[in-house]
Each structure stands twice: as C-alpha cells, then as structure tokens.
Amino acid sequence: MTTSRHRIRVTVNGAAHEHEVEPRLLLSDFLRYELRLTGTHVGCEHGVCGACTVILDGLPVRSCLTFAVQADGHEVRTVESLGDDLEQLHPLQAAFWEAHGLQCGFCTAGFLMTLVPFLESHPDPDEGEIREALAGNLCRCTGYQNIVKAVQLAAAELKSD
Ligand code: FES
Ligand code: FES
C-alpha cells in the first residue's frame, strides 16, 4: 500500500521550510525528526502533559495532537526560538533559572511555550491567573511553587523593560 504525501510550507522560528510529509505525521515528530528541533519534548503523546507545547500562529498548541499538515501555511515557534546563550536568555528562561523553576527539565520547554504567549496577553498576572495558565502543563518534580515564582519574576522583568 502506498501512502500519499503532502507538500507543506511552514515557517518555524522565522525560517521557511518546505517538506513532503505523510498526512499522519505529527507536528511533534516533524519538528523533532525532520527539522531536528529536539527541544520540543514528547511525554504522554495524547494531549495530557503539555510537554510538547509549541506556539502556532501566536497560540500554544499540543504538537502531539496536531498533524504537520495542519501547520501548512502557518508559523510555528519552538523553545529554540528563545535563547541558548546563557548571557542572553529570554526573561522567562532567566526567571526559571533564578527561581529554580525546574529540576529534571523535561517539562520546561512546554511550560515556556505556554507562558510566552500568556505573558504577552497578561503582562501583569495575579497568582490565580498564573496557576490557571499553567493548569494544562504537568511537572512531576517541582511542586509548581517555584514555577509560579518564576512567572512572577519574569512578568516583573518584562514590565521593567
Ligand atoms: S506529549 Fe503532548 S501533551 Fe503530552
Ligand atoms: S522539572 Fe521534572 S517534570 Fe518538571
């Protein structure tokens, strides 16, 4: 049996990509295996943990629940778009570092990609709003307290810019 393939054009972290993909290919697998952007982690693979969260046209989505063909003509942003230079981290990354918002780090990319658009739309969030924003991301290490502190730190830092 032959499987049809579809040509997709997708912008990832500002770079244009054109690939032929099977219709069943998940966006998470496209990013990790075709583009080698392995910062996007895959945990549960069925939409529960949030580890695979990326930003699609400005909004956080589960890349394990999104087919690559659905990203055709759209813009994707992954954790690699933030910063990999310790001297030039995104304020959210710096705040996670500062407030010890991670331990093993497996969940962190998903948290960051959930929080980037959240802080853009909520520049002055209260604790309840932060906890609500984080409700779709699971972390088995931190107990969440330091993640909340990190978001508060990042919000303060972004406001002072
Ligand atoms: S891997 Fe996608 S939500 Fe868990
Ligand atoms: S830091 Fe380990 S799962 Fe969140």
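Every number here is computed from the coordinates shown, using simple stated rules; none is lab data. Note that the structure is predicted; figures quoted are calculated from it, not measured. Note that we place each Cβ from the backbone using ideal geometry, even for glycine, and neighbour counts take in every protein chain shown.
A few notes on this one:
- For q = 0.13, 0.14, 0.15 Å⁻¹, Debye-computed log10 I/I(0) when each Cα of the chain counts as one equal scatterer: -0.60, -0.69, -0.78
- Remark: the ARG140-SER4 segment gains 45.0 nm on full extension, using 0.36 nm per residue and subtracting the alpha carbon distance.
- Beta bridge orientation in the chain: antiparallel %, DSSP, nearest 5: 90
- Figure legend: label point modelled 7 angstrom from the Cα of ASP57 along Cα→Cβ; residues of region 6-37 with amide N under 17 Å from it are 8-14, 27.
- For region 57-146: relative contact order, % (alpha-carbon pairs under 8 angstrom, 6 or more apart): 32
- Net charge of the neighbourhood of LEU158, taken over other residues with C-beta under 11 Å away and scored Lys/Arg +1, Asp/Glu -1, is -3.
- Between 0 and 90°, nearest 10: helix 145-160 axis offset from the chain longest Cα axis: 90
- Dividing the summed helix terms, -39500 (n - 2.57) for each DSSP H run of n ≥ 4, by the number of residues in the chain produces a 222 nm estimate of -9000 deg cm²/dmol to the nearest 500.
- If the chain linking GLU132 and TYR33 were pulled fully straight, counting 0.36 nm for each residue of separation and taking away their Cα-Cα distance, it would gain 32.4 nm.
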